[in-house]
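Notes to accompany the following structure.
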Amino acid sequence: MPGMRPVFAKIALLALPLVALPLWAAPTSQLGIVVFAEHARVGTASASEGSTVFGGDRLSTEPSGSVQIRAGAARFLLSGGGVATLSSDEETPAATLTAGTATFSTANARAFTLHFANAAIRANTDEPTVGRVSVIGPRELVVKSTRGSLAFTVEGETRVVAEGVAYRVILDPTPTEAAAAASRASDKAAPQGSEPRAGEISRVIPDVSVARAGQTLSASASFVVDWQDQINTLATARARVGLDDGSVLNIGSDSLMRVVKHDAGAQQTELELTYGKLRSKAQKIVKPGGKFEVRTAAGIAGVVGTDFYLGYDHDVMNVLVFEGVVRVCNLAGVCVLVHAGEMTSVRANDNSSPNPPVLAPLALLTGAAADTDDGGVYAAAAPSAPHRESRDRDKGSHAPISAGNSKFVWYAVGVVAVVTALAIHQAYESPDRP
């Protein structure tokens, strides 16, 4: 038997590589490519444009450096002495931020997820979205949305960051930290109302007030809007309201509008324009019995997913359609269909039918857009219907702070600059922008 020992040794030597080879050669998932790099590293090596990055790669930048990654339908930019580790969530590109500032742009809600500690930040809708997250401390960060809205989730609790708003967030706050955050937010808190929530104001050009339950409240960004609230803008004021189904209302100056009803789940919205100018971008109606109507003393404008302007002054309701189709009716129920690029009008206090739709002059379309422009991008900026349920659990407080949640607290720290449509285009095309 001594002659058998060399045979066993050879078999053992041959078997070892066969077992070990799959472990040594197991590929790491490819996540994207570097499209811009300056004073940045991937692992311990300098980051270079065109190089491939994988899940598990650690990105870092010097305080003046930055690195940008293109991953599918998303861009990720790390800067300001940033540190982040790339990964994937169920085949969705992701990154975990531990220091610095991260900016990401997405084309849909599943394109990218940014993690910080036990929090996850992603696009709230499938609209183009740009978000920015800056680390303040081990449990503290600032979350901003400069395009679209963001969903901020911690252990199943989701809050929405509306377009043009920034929040300071403290994770796992101590009682002292929670009390301090509540104190900072109290100046923006509105008295609790008995009506259901409809949405919130995401942008304001003062002076804007809200009439609620016999009180007149000063409105600011993140002010929660309830059913039956009347929003009043003065001569130089304008406001944008994001409704909870994702629809957006731009209210022009010298206007008075009431949110009669907004049921995001049933897609039933009723608005009343007493006077003034209103531009609405309504979500497409897909629920049976759903409707989106704006009423005046002269008639009703009903839509099925569209972008339109309505003005009411001197007993005349004027409707211009930017996109989609609007059904315009007088109070007797006589209606006309107005398509994109067309206009019609209805007069109050008589039985005349709406005027036949005609092509709207470019000057009128431009003027209508300018009269309801609040200085930002006209885009959806409100929680989608699924998030409304989680936010309604906190209806006991209208302050921009997560009352009663021990996992995190947040409070608004201001309105941020909203990028233009051109900048958004560059976000997906330019090699050195997120």
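A short reminder: the numbers here are calculations on the coordinates, not readings from a lab. Note that this is a predicted model, so its numbers are computed, not measured. As a convention, Cβ positions derive from the backbone with ideal geometry for all residues, glycine included, and neighbour counts pool all protein chains shown.
A Förster distance of 25 Å, applied to the separation of the beta-carbon atoms of THR236 and VAL260, puts the FRET efficiency at 0.40.
Each residue, VAL334 and ALA180, gets one label point 7 Å from its Cα in the Cβ direction; the gap between the two is 6.7 nm. Calculated FRET efficiency, THR44 to GLU91, Cβ-Cβ distance, R0 = 30 Å: about 0.60 to the nearest 0.05. Taken along the Cα-to-beta-carbon direction at a fixed 7 Å, the label points for PHE54 and THR98 span 1.9 nm. With the simple model of a label 7 Å out from the Cα in the direction of the Cβ, ALA297 to ASN108 spans 4.9 nm.
Maximal additional length on extending the ASP350-ASN118 stretch stands at 77.4 nm, based on 0.36 nm per residue less the C-alpha distance.
When Rg and Dmax are taken over the Cα atoms of segment 65-155, they come to 11.6, 33 Å. Estimated at 0.36 nm per residue, the fully extended path between LEU364 and ASP315 surpasses their Cα-Cα distance by 15.8 nm.
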